[in-house]
Amino acid sequence: MFDCIVVGAGPAGSTTAYQLAKRGRSVLLLEKHTLPRYKPCTGAVAPSIASWLDFDITPAIDQKLRRISYTWQLDDPIEAELETDEPMWIVRRDIFDQYLVEQATRLGVTVKDGTSALSIKFQDQTWTVNTEHGSFVAHYLIAADGADGPMAKWLGFKSEKVRQGYVLEIDLSEPVASPTMSFEFGLVKQGCLWNFPKSQRQSLGAVRFLGGNLKHPEQSLATYAQALGGDAEAGTLYSHGLKLWSGNRPLHTQQALLVGEAAALVDPMTAEGIRPAIFSGIQAATAIDNALNGDDQALANYSQTIHSIWGNDIQWSQRIASVFFRMQKIGYRVGIKRPTATKRLGQLLAGEIRYADLANRVIKRISGSFLPG
Ligand SMILES: Cc1cc2nc3c(=O)[nH]c(=O)nc-3n(C[C@H](O)[C@H](O)[C@H](O)COP(=O)(O)OP(=O)(O)OC[C@H]3O[C@@H](n4cnc5c(N)ncnc54)[C@H](O)[C@@H]3O)c2cc1C
């Protein structure tokens, strides 16, 4: 019998497992894929996560970038630099996620990869997780199985909208010359395209943030890759579900919690999901540890903490997104083109400012430009 079973070895699951093991708890981490596994994702990570970690994360970072370029329909370019102390981290998800799993293993977490949770059962105050390699029992259960996993539904949570995100990975034989993060608005409806170059790879992403999914992502990504000098034919296209945050909801139930993207914590303006995955993993481990110590409010407190620290700010991101992606052309002209736009983006990711500090000004600026006069 384990203290806790964590289903899913992405950043949310590995962080929860690590933090519980650090507190002396016995943890089983289940992952359906063979590790290391690739997760379709462009891999930009806010360096502010470093302050939450008690180990050196630098070996898992592919590169650090400051330069950003923006275009509107491949034209009207803007170049800018992040002014934060630390540049943006760019990671390869197979390497980054494996590094986090290794930290958990180092502290004694039992990891079983190639092992899917096939069903779960709550009986006699314990959870049983059935897999193709046998059944495992624990006092507590963590759903860390991402946007496409079944756990939230099995645990009885209301289903969240899952939209599709796309990644085109193009391996290069030579290192990327003068690597620059880039965003393209206007080529896709109510969404954007972007590229976060790795040292020897272009990683292009495409998401529609409002309405339905993108109609022909492969064409848009190929056009964008070509504009950036890449060869889409040489790349591999991946797609994956994306659960954008859409409101504060309970994230706890009987002796179980949702973390990371299983909890739909992804930023609806930027698709940033790694930072909230790690944040929620840390909070979930504290909650489970407190619950094991007899605190019967610990799991409810987890939902409350995620709502007050993440949800209550990210609701402002959702409001900006709903205006920006509806009036993208104006948003590009009066928002992105402002010299302060990149500065604010850097401050947001560094945790120096919050969406709430910006939202009213940004929304007024975009909708004010739309009104005649
Ligand atoms: C196109 C795209 C681009 C993105 N770009 C960025 C970015 O640049 N920066 C950023 O911060 N975020 C980005 N994201 C979001 C980010 O990838 C996710 O939010 C993040 O991976 C969530 O972490 P997680 O640990 O919650 O889930 P995941 O990383 O998805 O991990 C869940 C794990 O659970 C496993 N699993 C699922 N079902 C089962 C089962 N039944 N049994 C056992 N294991 C199971 C899966 O195999 C997986 O390994 C992007 C997403 C997309 C789609």
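The values are calculated or read from the model by the stated rules, or taken from the named source; none is laboratory data. Keep in mind it's a predicted model, so treat the numbers as computed, not measured. Because the Cβ atoms are built from the backbone with ideal geometry, glycine has one as well, and the counts that use them run over all protein chains shown. The accessibility values were calculated without ligands, DNA or RNA, using every heavy atom of the protein model including side chains. Shrake-Rupley method; radii C 1.70, N 1.55, O 1.52, S 1.80 Å.
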task: Give segment 215-249 a look and list any residue that's free of Cβ contacts under 8 Å to residues at least 60 places away in the same chain and either farther than 26 Å from Arg37 by Cβ or open to solvent by 20 Å² or more (accessible area, probe 1.4 Å) (or both), or say none.
output: Lys215, His216, Glu218, Gln219, Ser220, Ala222, Gln226, Leu228, Gly229, Glu233
query: Counting only residues that are on the phi > 0 side of the Ramachandran plot and assigned to a loop (DSSP other than H, G, I, E, B), which one in segment 252-297 is nearest to the ligand (Cβ to nearest atom)?
result: Ala271
message: Can you confirm whether Thr71 is part of a loop (DSSP other than H, G, I, E, B), open to solvent by less than 40 Å² (accessible area, probe 1.4 Å) and not assigned by TED's automatic domain parsing to the domain that holds Thr253?
response: no
query: Just to be sure, is Pro197 open to solvent by less than 60 Å² (accessible area, probe 1.4 Å), away from the ligand (no atom under 11 Å from the Cβ) and under 19 Å from Asp94 (Cα atoms)?
result: yes
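Results for (1) assigned to a loop (DSSP other than H, G, I, E, B); (2) of a type in the set (A, V, I, L, M, F, W, C); (3) in contact with a strand residue (DSSP E or B) (Cβ under 8 Å, 6 or more places away or on another chain); (4) closer than 20 Å to Lys198 by Cβ, shown as yes or no for each residue.
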residue: Ile5; (1), (2), (3), (4): no, yes, yes, no
residue: Ala9; (1), (2), (3), (4): yes, yes, yes, no
residue: Thr16; (1), (2), (3), (4): no, no, yes, no
residue: Leu20; (1), (2), (3), (4): no, yes, yes, no
residue: Gly24; (1), (2), (3), (4): yes, no, no, no
residue: Leu29; (1), (2), (3), (4): no, yes, yes, no
residue: Thr34; (1), (2), (3), (4): yes, no, no, no
residue: Arg37; (1), (2), (3), (4): yes, no, no, yes
residue: Cys41; (1), (2), (3), (4): yes, yes, yes, yes
message: Quick check on my filter: what residues within segment 34-68 are within 9 Å of the ligand (Cβ to nearest atom) and either open to solvent by 60 Å² or more (accessible area, probe 1.4 Å) or under 17 Å from the mean Cα position of the chain (by Cα) (or both)?
response: Arg37, Lys39, Pro40, Cys41, Thr42, Gly43, Ala44, Val45, Ala46
message: Suppose the filter is within 16 Å of the ligand (Cβ to nearest atom) and of a type in the set (A, V, I, L, M, F, W, C); does Ala300 pass it?
response: no
message: Residue pairs, Cβ under 7 Å, 6 or more apart or interchain, first in segment 268-279 and modelled with pLDDT under 95, second open to solvent by less than 20 Å² (accessible area, probe 1.4 Å) and more than 6 Å from the ligand (Cβ to nearest atom). List them.
response: Met269/Ser317; Met269/Ile320; Met269/Ala321
query: Does Ser51 qualify as being touching a Gly at 6+ places or on another chain (Cβ under 9 Å) and not in a loop (DSSP other than H, G, I, E, B)?
result: yes
message: I need the full set of residues from segment 329-348 which are within 14 Å of Arg365 (Cβ to Cβ) and open to solvent by less than 40 Å² (accessible area, probe 1.4 Å), in order please.
response: Ile330, Gly331, Tyr332, Val334, Gly335, Ile336, Ala341
